[in-house]
Amino acid sequence: MVRYRAGTMTVVAKELRVRGADGVLLAVSVHGEGLPLLLIPGLGATRVVFDPMVPALVQREQRVIVFDPRGTGESEPGQQPLSLPLLAADAAAVLDAAGAPRAAVLGASMGGVVAQHLALDHAARVECLLLAATGPGGGRAVPADPRVTDALLGKGARTPAEAYRRACTVLYSPQFQRTHQEFIDEQVRLRAARPVRAQVFAAQLKALRAPDDSFDRLPSISAPTLVMHGTDDAVTPFENAQLLASRIPGARARWFEGCGHLFFHERPEESARVVYEFLRDQRPADARIAT
């Protein structure tokens, strides 16, 4: 267990090793107490990608469950070919191990596409669906400019640190890059300390781009859904968020004006508040009065 401060609270983070869909070992952290919220990282990311937002979520009485997807961070790669349904099954296994039969689920970037598969293939597990900086799967997403994709993948870089620093030029808005250089330096240090293996990155990209029927099935999602997106997102163009919001019945939308792809790094407190308020609104009226 790890203890840390979140505002005025002392939080105990439980570290778990969980068997995934095919027995692969996954590294999981469970923060705080309260209603369960599962966070699913994106392309090449580990659970630390949510660190800027986790303390603010815990302060709002969320039990935050976050894990390293297979092949990243401290999780094993496994033997099966990577696919989005497999990653969604891993997420369901994480919920089992955390003792959460149902949970709110927030997926960011590629993690948002995994979250869509979780809501489609394991609907009983998803209380609410929050899609952050993401688009539809099955090859139906509006693509980024190829130059942005090259920067995201660190094309031409000689070291992991150089690769992620190039990625940061498109992950964050220009304004944030100018005013938060120390924060970005720390993110580069964290990524360089545990770089994603090239074969895992390639497998994730292949899985993300593989054709499937998830786009056609989006209208069947019944979980209350919130689509969150930075209006200056270069990695996942804003049109993708608009497409998701129009495709999922009853979906709400919350745009972060002037923010880039990792808007929850640029505005972590605001992002946590938006998540909390959306989840609070989904509770029965008597439960909202009680809180």
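The values are calculated or read from the model by the stated rules, or taken from the named source; none is laboratory data. Keep in mind it's a predicted model, so treat the numbers as computed, not measured. Glycine also receives a Cβ, built like all others from the backbone with ideal geometry; neighbour counts cover every protein chain displayed.
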Notebook entry, point to check: What number of residues within region 75-94 satisfy the criterion of being in a loop (DSSP other than H, G, I, E, B), at pLDDT 95 or above and touching a helix residue (DSSP H, G or I) at 6+ places or on another chain (Cβ under 9 Å)?
Noted result: 3
Note to self: I'd like the residue in region 46-100 that is of a type in the set (Val, Ile, Thr) and over 13 Å from Val30 (Cα atoms) and, out of all such residues, is surrounded by the fewest Cβ atoms within 10 Å (Cβ to Cβ).
What the structure shows: Thr46
Next item on the list: Output the number of residues of region 186-228 satisfying the condition of being under 29 Å from Arg102 (Cα atoms) and in contact with a Phe, Trp or Tyr (Cβ under 6 Å, 6 or more places away or on another chain).
Entry: 1
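For the structure I just gave you, tell me whether Gly107 is outside any strand (DSSP E or B) and not aliphatic (A, V, I, L, M).
The answer is no for Gly107.
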Check: Looking at (1) of a type outside the set (Gly, Ala, Ser); (2) part of a loop (DSSP other than H, G, I, E, B); (3) surrounded by 24 or more Cβ atoms within 10 Å (Cβ to Cβ), can you tell me which one Pro143 breaks?
Finding: (3)
Margin query: Taking the criterion of being touching a Ser or Thr at 6+ places or on another chain (Cβ under 9 Å), modelled with pLDDT under 95 and in a loop (DSSP other than H, G, I, E, B), would at least one residue in region 24-44 satisfy it?
Written below: yes
Note to self: Take Arg280 and tell me if it is in contact with a helix residue (DSSP H, G or I) (Cβ under 9 Å, 6 or more places away or on another chain), crowded, with 16+ Cβ neighbours inside 10 Å and basic (Lys, Arg).
What the structure shows: no
Next item on the list: Would you please list the contacts, defined by Cβ atoms under 8 Å and residues six or more apart or on different chains, that run from a residue in region 201-230 that is in a loop (DSSP other than H, G, I, E, B) and surrounded by 17 or more Cβ atoms within 10 Å (Cβ to Cβ) to a residue that is at pLDDT below 95 and among the polar types (S, T, N, Q)?
Entry: Pro224/Gln282
Checklist line | Members of region 76-107 that are within 16 Å of the chain's Cα centre (by Cα) and of a type in the set (Gly, Ala, Ser) | finding: Ala88, Ala89, Ala91, Ala92, Ala103, Ala104, Gly107
Check: Mind checking which pairs have a first residue in region 174-191 that is surrounded by 16 or more Cβ atoms within 10 Å (Cβ to Cβ) and a second that is basic (Lys, Arg) and at pLDDT 95 or above, Cβ under 6 Å, 6 or more apart or different chains?
Finding: Val188/Arg165
Check: For residues in region 246-266 being part of a helix (DSSP H, G or I) and within 17 Å of the chain's Cα centre (by Cα), which is farthest from Gly138 (Cα to Cα)?
Finding: Glu266
